[in-house]
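Accompanying notes for the structure given below.
The values are calculated or read from the model by the stated rules, or taken from the named source; none is laboratory data. Predicted model only: the values in this text are computed from it and were never measured. Note that we place each Cβ from the backbone using ideal geometry, even for glycine, and neighbour counts take in every protein chain shown. Note: accessible area is taken over every heavy atom of the protein model, side chains too, but ligands, DNA and RNA are not part of it. Shrake-Rupley method; radii C 1.70, N 1.55, O 1.52, S 1.80 Å.
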Amino acid sequence: MDQASGLRPQPHVVAHDQRPLLRNTAAAAGRARLRLALWPALILLALLVADLAAFRFHPNPMYHLDVGSWGDEALVDGMFAQETDVLSVNYRWTSARSSFHVHGFVSVPRPLLEFTVGGLPSGAKLPRPITLQTTSGPLLTVPIAAQRRHYQFVLPESVPAHGNVDLTFTGPTSTITPDPRQLGIRLDDIALGWTSGQWVMPTALILVVQWAGVLVWLGIAWRLELSRRWWPLLVIGLVVSLPVMTAARLLVATPWQTRLLVTSLILLALAWHALPLLARLCPALDSQHERTLLCLLTVAVVTVQLFPVFYPLFGSHDLYIHLRRLQDVQLGSLKLFDTPSEFAGRKTIVPSAFYVLVSPFTLLTSTPGPAIQGVYAFLQGTNPLLVAIFVRQIGGSRRAALIAALAIAWLPIQVTILWWGFGPQIVGQWLLLLLAVFMTRANQTRWSFWFVAGAALWLAFLMHDGVALLGGVWLGLYVLLLWWFGRGSSKLWLRWSILLVVCTLIATALLYSDVVALQMSSLAAGVRASNITDQPMRLRFLVDGLWTSSRPLGVLFALACCTALLLHTRAHHRYLATAWLLSTLIFLLIDVRFALQVRYMYFAIPIVCAGLGLLLDRLMLRRPWGWLAGWGMLAAISYSGIVLLYGSILWGFKPLLSALTH
């Protein structure tokens, strides 16, 4: 450079070759993609091996359906109603054309078919020829004798077709005077399987469903920030449990696990937004760890409850009633009248809001039963989260909130109401619990807050008449207490009273105006909901129901929980709890006088669990015996609830209805 120009020389810049760095980055990205694809492939391979082992070592590879048992309509069609003989043997009569169908059976060369025939209609021509056929045509004709006999056949390799077994029984029928039904054969039992010691392959569908379920649960764990050291245990647990579940209940494994997969996808969608929403809407949950723990607990409770509820052979006790009412609503009738036992068989209105709510979900299932049961079981599974938020917002500690959440998840009365299928009351109770969460933050002035609170109250009124009575009296008493004791501090009582009056007027105009006079005249005439006329006997029955509904706590300990709640909360929240308990007491007295059953003990369960959380939290401060006693009680509650849930649904135990008669 020319020095005379006055310009200083520029330093020499060396250009480095960027290609090695780019190659290293691309190689690292390729290895990451390979690992990302490797783990799902390994999970799929592990599931295949586990399925093969589960089928190979299953102790009895013949899968029986007790024809005539509860829920068998999921596998049979074209048969008459369930019956039981004098020896307590369940059975059904076949018609001229009856079928047995299984979706998702294993790939086995020559499956075995067994069925037990209990007899023929009296006077039938002997023997009665019954033809077994599949979708491809007839298989064989079996001469059926009049005596009880067991039949066994080896099916051809064409059965099952694409993992599905569809067998049809056709044959002549006859009648038994005066029964007008055309009866074929009495079918007691039917079984499908293979000989022991065979290696059989699961269908591609069940394998993909299992694989997708494991991946979805890994997504839930990642989104809810579950520590990665727990991920291997989660994967191992699912890889082992899903094949074992398939081998144990093969006849219904595919629809069962498909329903659980859909539920897992819904949980994943909710979990995607749960933590940010809780951080924004629930400031009482003041730490990320607490929010994560409660979300994980809620997901676990929902899953554990829906696992047996979605069992294809399970139908809640009142499911047939819900199916009939749902059909009426879908045909355009929004005013339903019925004669429920709670009103002594008197004609009364049945709110249709529950059936409007579940109608869209019936599009997700082939039959409406799983949609009906799934909606109310899912909402009840989220009760622990709502109770935990309630406890935190009335001043309880994190441990008190966790205790209350665990208690409401597994108290036996919560399982009992699931088994009996009181869906409208479950949803109505959930709405009242949501309203209680709003009431603990009632210093809000935003119109959106009061709009959502009003919508929850209005829907609760329209969901179930018992919920409307309990919730209306509760909120009315709360307004009175606020007005009498706290009128100088705020106009909060005025806001809630306006909300109560508006929702009551709308609900009455839309639903209850037609039956108010009818119910009042029935009560004035002394009509009782109980068929027990002896007053001492009826009171004893009432006390037994109170004791059963509070198990395993007991009535006295439940009262101690309520006392702890009243003593250890602030004045504003004490009015809320007092009104809740007074509403329960009022309907207890109405039950004593008029035998009107509105399930007030189920209504009181959230407040009892909140008090239990506060009581055990203080007890656990006294280590070590207080800590052991508190967690021991929670273990007893959880054990009794989980055993009752799975025993009643999968193994046929019947929960006592007396827990829900008061």
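Any idea how many residues of segment 146-159 are open to solvent by 20 Å² or more (accessible area, probe 1.4 Å) and closer than 21 Å to Tyr63 by Cβ?
The qualifying residues number 9.
Here's the yes/no breakdown for (1) surrounded by 19 or more Cβ atoms within 10 Å (Cβ to Cβ); (2) in contact (Cβ under 8 Å) with a residue 12 or more places away in the chain; (3) in a helix (DSSP H, G or I):
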residue	(1), (2), (3)
Cys561	yes, yes, yes
Thr569	yes, yes, no
Leu588	no, yes, yes
Ala604	yes, yes, yes
Ala610	yes, yes, yes
Asp617	yes, yes, yes
Ala636	no, yes, yes
Leu644	yes, yes, yes
Ile649	yes, yes, yes
*Residue within segment 157-178 that is of a type in the set (D, E, K, R) and within 25 Å of Thr258 (Cα to Cα) present*: yes
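For (1) part of a loop (DSSP other than H, G, I, E, B); (2) over 21 Å from Leu251 (Cα atoms), each residue gets a yes or a no:
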site	(1), (2)
Val86	yes, yes
Ala96	no, yes
Phe115	no, no
Gln133	no, no
Ser158	yes, no
*If you take the residues of segment 377-387 that are in contact with a Phe, Trp or Tyr (Cβ under 9 Å, 6 or more places away or on another chain) and open to solvent by 10 Å² or more (accessible area, probe 1.4 Å), which of them is nearest to Val427 (Cα to Cα)?*
Leu379
*Would you please name the residue that is surrounded by the fewest Cβ atoms within 10 Å (Cβ to Cβ), looking only at residues in segment 453-468 that are closer than 21 Å to Thr584 by Cβ and at pLDDT 90 or above?*
Ala456
*Select from segment 212-233 the residues that are without any contact (Cβ under 8 Å) to a residue 12 or more places away in the chain and among the aromatic types (Phe, Trp, Tyr) and write down the one among them that is nearest to Arg259 (Cα to Cα).*
Trp222
_I'd like the full set of residues that are open to solvent by less than 60 Å² (accessible area, probe 1.4 Å) and outside any strand (DSSP E or B), limited to segment 53-71._
Ala53, Ala54, Phe55, His58, Pro61, Val67, Gly68, Ser69, Gly71
*Collect the residues in segment 398-410 that are open to solvent by 20 Å² or more (accessible area, probe 1.4 Å) and either touching a Pro at 6+ places or on another chain (Cβ under 8 Å) or over 12 Å from Leu294 (Cα atoms) (or both), keeping them in residue-number order.*
Leu406
*Please go through segment 214-260 and pick out each residue that is open to solvent by 10 Å² or more (accessible area, probe 1.4 Å), over 21 Å from Leu275 (Cβ atoms) and of a type in the set (Gly, Ala, Ser).*
Gly237, Ser241, Ala248
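Out of Trp631, Trp627, which single residue is in a helix (DSSP H, G or I), under 28 Å from the mean Cα position of the chain (by Cα) and free of Cβ contacts under 8 Å to residues at least 24 places away in the same chain? Steps first, answer last, please.
Numbers: Trp627 fails: under 28 Å from the mean Cα position of the chain (by Cα).
Exactly one of Trp631, Trp627 is in a helix (DSSP H, G or I), under 28 Å from the mean Cα position of the chain (by Cα) and free of Cβ contacts under 8 Å to residues at least 24 places away in the same chain, namely Trp631.
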*Considering Pro143, Pro129, which residue is free of Cβ contacts under 8 Å to residues at least 40 places away in the same chain, in a strand (DSSP E or B) and either open to solvent by 30 Å² or more (accessible area, probe 1.4 Å) or not aromatic (Phe, Trp, Tyr) (or both)?*
Pro143
_Residue count, segment 72-84 (criterion: in contact (Cβ under 8 Å) with a residue 40 or more places away in the chain, open to solvent by 30 Å² or more (accessible area, probe 1.4 Å) and in a loop (DSSP other than H, G, I, E, B))_ = 1
*Mind telling me which of the residues Arg622, Arg593 ends up being free of Cβ contacts under 8 Å to residues at least 60 places away in the same chain, open to solvent by 50 Å² or more (accessible area, probe 1.4 Å) and either in contact with a Lys or Arg (Cβ under 6 Å, 6 or more places away or on another chain) or not in a helix (DSSP H, G or I) (or both)?*
Arg622
*Which of (1) crowded, with 19+ Cβ neighbours inside 10 Å; (2) among the aromatic types (Phe, Trp, Tyr); (3) modelled with pLDDT under 90; (4) over 22 Å from Ala468 (Cβ atoms) is the odd one out, the single condition Phe343 does not satisfy?*
(4)
*What are the residues in segment 422-448 that are farther than 17 Å from Asn383 by Cα and open to solvent by less than 10 Å² (accessible area, probe 1.4 Å), if any?*
Ala442
*Output yes when any residue across segment 45-52 is closer than 30 Å to Pro121 by Cβ, modelled with pLDDT of 90 or more and surrounded by 11 or more Cβ atoms within 10 Å (Cβ to Cβ), and no when none is.*
no
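Rundown of residues vs (1) more than 30 Å from Arg618 (Cβ to Cβ); (2) surrounded by fewer than 19 Cβ atoms within 10 Å (Cβ to Cβ); (3) not polar (S, T, N, Q), yes/no style:
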{"site": "Leu364", "(1), (2), (3)": "yes, yes, yes"}
{"site": "Gly369", "(1), (2), (3)": "yes, no, yes"}
{"site": "Ile389", "(1), (2), (3)": "no, no, yes"}
{"site": "Gly396", "(1), (2), (3)": "no, no, yes"}
*Is one or more of the residues making up segment 471-483 farther than 22 Å from Ala571 by Cβ, of a type outside the set (Lys, Arg) and in contact (Cβ under 8 Å) with a residue 12 or more places away in the chain?*
yes
*Breaking point among (1) in contact (Cβ under 8 Å) with a residue 24 or more places away in the chain; (2) within 25 Å of Ser227 (Cβ to Cβ); (3) surrounded by fewer than 21 Cβ atoms within 10 Å (Cβ to Cβ), for His317*: (2)
_Anything in segment 172-196 that is open to solvent by 10 Å² or more (accessible area, probe 1.4 Å) and part of a loop (DSSP other than H, G, I, E, B)? List them, or say none._
Pro172, Thr173, Thr177, Pro178, Thr195, Ser196
_Hits in segment 346-366 (condition: part of a helix (DSSP H, G or I) and among the polar types (S, T, N, Q))_ = Ser359, Thr362
